[in-house]
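To start, the structure itself, in structure tokens.
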Amino acid sequence: MFSNEDFILPLLTEAGLVSEHVVNAARQSSGTQSVIEKLLKAGHVSEEEIAGVLASSNALAYYDLANNSIPPEVANSITDEVARRYRAVPVYDDGYTLTVAIADPYDFETMDALPHVLDRDVSFVVSTPDAIQQILKSIYGSTEIANAAESEDTTAADGDAPIIKLVINMLVEAFNHRASDIHIEPLETSVRIRYRVDGKLIEVANHPKKLLPAIIARLKVMSTSMSIAEKRLPQDGRIQIKVAGKDVDLRVSSVPSNHGESIVMRILDKSGLVLGLPELGFFSDDQSTFERLLALPDGIILVTGPTGSGKTTTLYGCLNVINRPDKKIITVEDPVEYEMAGINQVMVKADIGMTFSNALRAMLRQAPNIIMIGEIRDAETANIAINASLTGHLVFSTLHTNDAPSAVARLADIGIKRFLIASAVRAVLAQRLVRKLCPACKAPIDLSDKELRALRLDASRMTDATIFGPVGCEKCRKKGFRGRMGIFEIFEIDDEVRHLISAELSSSQLRKRAREMGMRSMREDGIRKVLAGLTSAQEVIHVTMADFD
């Protein structure tokens, strides 16, 4: 149907197609239809007349799609993906300029984008929305696709242009590498492609610099909410593809750099949602502790660690454990990374006023049992979360701190009173990610004296233990590692700890007391996993450099 109604109606009255009296009567009549829909239904004006007025107001021609056939060679000049995305139908090709029919000549983004997408001169004519829809169905198939990226099938690129094959192959290869990110980086004379695999960046390709505009344009076409014409400002979008029968989401970020636009795509494999606590890296004792915490009726459970330490994955794993029909779970995230069945997920949109705090206030009116907040960033969000926990809700969230006890100081720093922290927070889980040894090629090794000292391991613990190290084989692409797992420290807040928090002990004092009460540090959890042959000593030493106790 026609958009920009407030703009179209004056054009219709100026053209003498309808009177202001008829328009006002349509406005005042009952019903949920738009004014234009009411005028069309009553027969006061036709779609063709509206399209003709829109065309003439923009010095364009009206094209009657219903009574003109489109030659196959012209129809093939635009892929079905581009035609559906821009709701554009090619009608004539003189070899120099492609003439395309659109319904809205005020859609300047489409009119700017198509010449770039098609890499040729494009002229425009105007037709009706219904006629364009019918032609799209008859030429490109009957399946309606709101956005071509939603049904992107990476197995169907054989007949497409070389640049499309390059992009599709890049996405498939990244998925097969088990990459978490794809980095497309413009350099002075080339375009560098890198994948992040198990936390490490590896360079996989260097393309000629001239390919950069085409690669960027292709990815923007596949993405939602990205303008191909905008190159000066950062943009965010999302791509949904299917690889080997699996649905995969990619979160796309573009940033202008001194050599051109740089794009990073985060790969979100939906199969990761089925992870339970053992798959995240919890040993049975920590799993029992955490499952007991997940069963609490109220309070706040925090997951802490630096960016890239797997906090969000752990939160989703927790929700997966407790997601039952008798529980109402609502999340507020920036952005929503994974869509989970049975959970109400709200995305932050600060530009329209949907901030974390505003979303949280609205969520509390929805009577949830469990709330997940993507991150506590400020005092307002923290206070709402604490009040929610104190009024009978179980709240999950994340903080950026190096260890678990430091979460108390972090909340105090953003303005939360200590007695509220002590009352509301039930536990803090701090975590890091370590690479898992490839089970197909790992081999026994002897630790050096330096490694033994770094891990504080004495000979008595090494008597019956077999330490493994990386080797490298075809299954792990010669890296020696395959996948990652968490190492954790769980800081439970009981009555004694609540008293210590209210007494305003420092983070180091809280940590010392927690250790005396039996809290296992991340390095100690990592050592257990080294002794179990799951990861290497160097991995644990590297990610726990700040763990000195």
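The values are calculated or read from the model by the stated rules, or taken from the named source; none is laboratory data. On a predicted model such as this, the values are computed, not experimentally measured, just so you know. With ideal geometry, Cβ positions are generated from the backbone for all residues, glycine too; neighbour counts draw on all protein chains shown. When the accessible area is computed, the model is the full protein with side chains, heavy atoms only, and any ligands, DNA or RNA have been set aside. Shrake-Rupley method; radii C 1.70, N 1.55, O 1.52, S 1.80 Å.
When the range 528-541 is filtered for residues that are open to solvent by less than 10 Å² (accessible area, probe 1.4 Å), in a helix (DSSP H, G or I) and not small (G, A, S), the ones remaining, listed by number, are K529, V530, V540. Residues in the range 491-507 include at least one that is at pLDDT below 90 and either closer than 12 Å to D403 by Cβ or touching a Gly at 6+ places or on another chain (Cβ under 8 Å) (or both). Quick one: is V471 among the β-branched types (V, I, T) and either within 32 Å of the chain's Cα centre (by Cα) or assigned to a helix (DSSP H, G or I) (or both)? Criteria not met by V471. Applying the criterion of at least 3 residues that are over 27 Å from L433 (Cα atoms) to the helices (runs of 4 or more DSSP H) found wholly in the range 301-390 leaves 356-364, 379-390.
Just one of the listed residues (L433, L452) is aliphatic (A, V, I, L, M) and part of a strand (DSSP E or B), and it is L433. One residue is enough: does the range 6-14 have a residue meeting the conditions free of Cβ contacts under 8 Å to residues at least 24 places away in the same chain, more than 18 Å from D107 (Cβ to Cβ) and either touching a Leu at 6+ places or on another chain (Cβ under 8 Å) or part of a loop (DSSP other than H, G, I, E, B) (or both)? Checking the range 6-14: not a single residue is free of Cβ contacts under 8 Å to residues at least 24 places away in the same chain, more than 18 Å from D107 (Cβ to Cβ) and either touching a Leu at 6+ places or on another chain (Cβ under 8 Å) or part of a loop (DSSP other than H, G, I, E, B) (or both).
Okay, residues lined up against (1) open to solvent by 40 Å² or more (accessible area, probe 1.4 Å); (2) closer than 24 Å to H400 by Cβ; (3) of a type in the set (A, V, I, L, M, F, W, C); (4) free of Cβ contacts under 8 Å to residues at least 12 places away in the same chain:
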residue: L302; (1), (2), (3), (4): no, yes, yes, no
residue: T313; (1), (2), (3), (4): yes, yes, no, no
residue: N320; (1), (2), (3), (4): yes, yes, no, no
residue: I352; (1), (2), (3), (4): yes, no, yes, yes
residue: A359; (1), (2), (3), (4): no, yes, yes, no
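May I ask you to say which residue of I241, I215, I228 is farther than 20 Å from P186 by Cα and either in contact (Cβ under 8 Å) with a residue 12 or more places away in the chain or in contact with a helix residue (DSSP H, G or I) (Cβ under 8 Å, 6 or more places away or on another chain) (or both)?
Values: I215 fails: farther than 20 Å from P186 by Cα; I228 fails: farther than 20 Å from P186 by Cα.
Exactly one residue qualifies, and that residue is I241.
Which of the residues belonging to the range 246-269 are open to solvent by less than 20 Å² (accessible area, probe 1.4 Å) and part of a loop (DSSP other than H, G, I, E, B)? Those that are open to solvent by less than 20 Å² (accessible area, probe 1.4 Å) and part of a loop (DSSP other than H, G, I, E, B): none in the range 246-269.
Residues of the range 26-42 that are farther than 23 Å from D130 by Cβ and either hydroxyl-bearing (S, T, Y) or modelled with pLDDT of 85 or more (or both): S30 alone.
Looking for something outside any strand (DSSP E or B) and among the β-branched types (V, I, T) - is there at least one such residue anywhere in the range 271-279?
yes
Would you please name the residue that is modelled with the lowest pLDDT, looking only at residues in the range 511-527 that are in a helix (DSSP H, G or I) and touching a Phe, Trp or Tyr at 6+ places or on another chain (Cβ under 8 Å)? Looking at the filtered set, the residue picked out is A514.
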